[in-house]
Amino acid sequence: MTAWMTGFAQKAGKAACAVILLILLLAGCGKQFDVGSSERDKAEDEDLIVVGVSQIGSESVWRTANTASIQNVFTRENGYLLIFDNARQKQENQIKAIRNFISQQADYIVFSPIEEDGWDDVLYEAKEAGIPVILMDRMVQTEDESLFTAWIGSDFFQEGVNAGNWLAGYLEEQKRAEEEINIVVLQGTDGGTSTIGRTNGFNDVAARHDNWKILEQTGGDFTTAKAREEMKRLLDTYGDIDVVVSQNDDMTFGVLEELENAGISTGTDGDVIVISFDAVRSALEKVQAGLINVDIECNPEQGPYIEQVIRKLEDGEQAEKYSYVPEQIFTRDNVTQELIDNRSY
């Protein structure tokens, strides 16, 4: 081999290694991982069920737990080949991922839609390819419900109702049922199913109480930083706030930080009543400490319920179109240390 050819081979080898390393890094960062034809062939040889999952992102503790629930269930040991995609909060990324799953001939497609509108075209493509689509956590708006096979998630409207009913009962206990109550609401992702459901459910209860004054409902993007920013603005704008309704725990952490910075106490013995959603471990610790009054659970462990649907379909059975996961309401009265210690998220 000439020196020129040897040098070329060495450079080519280095380039190939660089490409492989880049692919591995992208997969590790949550980018789309293409299983390729060889992996697809292996899946067929091993009789694995190929499941493509597009997750919204990793914006919260809840979302991370939801992802872990999926990844813990859809393993090779359990008979699956999982193709996982992190959409990083962008709908166009999810649509691209779903089309990728279709091209890779996945057996099932699972995704949590970032927002409700804009899915008909890609879902029609999945239907044409004969691939069942299972929605998790959030819903889509469509006039053709045959475009998805099943939905598994929380009853977000009921979660909002639960928050409202709890507040009504608490104010009654505190002999404040007739007082004028100033309320602010930090909402989640604009257009998301959880935001819409929790907002409508709480507003449904609030409408029955003439003395409840919702000063403002504002977006917090389900993030701590945005909630902290919005809470500061709300305090500067309104000053006198009796109740903060925060539509997830990550936002609640930002709310608590900003209220503490302003010298305002919260919770069971504080000046401001705090209502939160999700009930992750770190939030339940704050419920136990009396800083959060109530936390309405939103159960992220949906992987096993999604697998039940897939197993039914594999057995030729019809799955339920809509399935709610079990959830609870947590206050200082029922949050124990054992509960916190055993919390998986």
Seminar exercise, completed: Length gained if SER103 through TYR238 is fully extended, taking 0.36 nm per residue and subtracting the Cα-Cα distance, is 43.3 nm
Problem set entry | Selected from TRP212, PHE202, GLY153, residue furthest toward positive end of dipole (the range 114-214; charges at beta carbon) | TRP212
Exercise. Using 7 Å Cα-to-Cβ label points, what is the SER58/LYS127 separation (nm, one decimal)?
Worked result: 3.5 nm
Problem set entry | Amide proton proximity set for VAL110, modelled H, under 5 Å, gap of 5+ | GLY52, VAL53, SER54, ILE134
Problem set entry | Ranked by how many other beta carbons lie within 10 Å on average, peptides 268-275, 133-140 from highest | 133-140, 268-275
Problem set entry | Pairwise FRET efficiency - ASP155 versus THR218, Cβ, R0 = 25 Å, nearest 0.05 | 0.55
Problem set entry | Whole-number percent relative contact order across the chain, with pairs defined as alpha carbons under 8 Å at least 6 apart | 15 percent
Seminar exercise, completed: XL table LYS90/LYS226; LYS90/LYS321; LYS96/LYS127; LYS232/LYS286; LYS96/LYS226; Cα-Cα > 23 Å flagged, in table order, is LYS90/LYS321; LYS96/LYS226
Seminar exercise, completed: In nanometres, the difference between 0.36 nm per residue of separation and the alpha-carbon distance of LYS90 and SER265 is 59.3 nm
For this session: Would you pull out the residues with amide H under 5 Å of LEU81's amide H, same chain only if 5 or more places away, H placed 1.01 Å from N?
Result: ILE49, VAL50, VAL51
For this session: Round to the nearest 0.05 the FRET efficiency obtained for GLN318 and ASP204 when R0 = 30 Å and r is the Cβ-Cβ distance.
Result: 0.40
For this session: Indicate, rounded to the nearest 5 percent, the antiparallel portion of the DSSP beta bridges found entirely in the chain.
Result: 5 percent
Exercise. In whole percent, what relative contact order does the range 215-326 give with Cα contacts below 8 Å and a gap of six or more residues?
Worked result: 19 percent
Problem set entry | In sequence order, calculated HN-Hα J values of the range 290-295 (Karplus, 6.51, -1.76, 1.60; Hz; x Gly/Pro) | x, 7, 10, 6, 8, 10
Exercise. Could you give the nm distance between label points at LEU339 and GLU179, where each point is 7 Å from its Cα heading toward the beta carbon?
Worked result: 2.5 nm
Seminar exercise, completed: Dividing the helical contributions, -39500 (n - 2.57) per DSSP H run of n ≥ 4, by the residues of the chain yields a 222 nm value, nearest 500 deg cm²/dmol, of -14500 deg cm²/dmol
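Coordinate-derived values only; no laboratory data. Everything numeric here is computed off the predicted structure, so don't read it as measured data. Please note: Cβ atoms are built from the backbone with ideal geometry, for glycine as well, and neighbour counts cover all protein chains shown.
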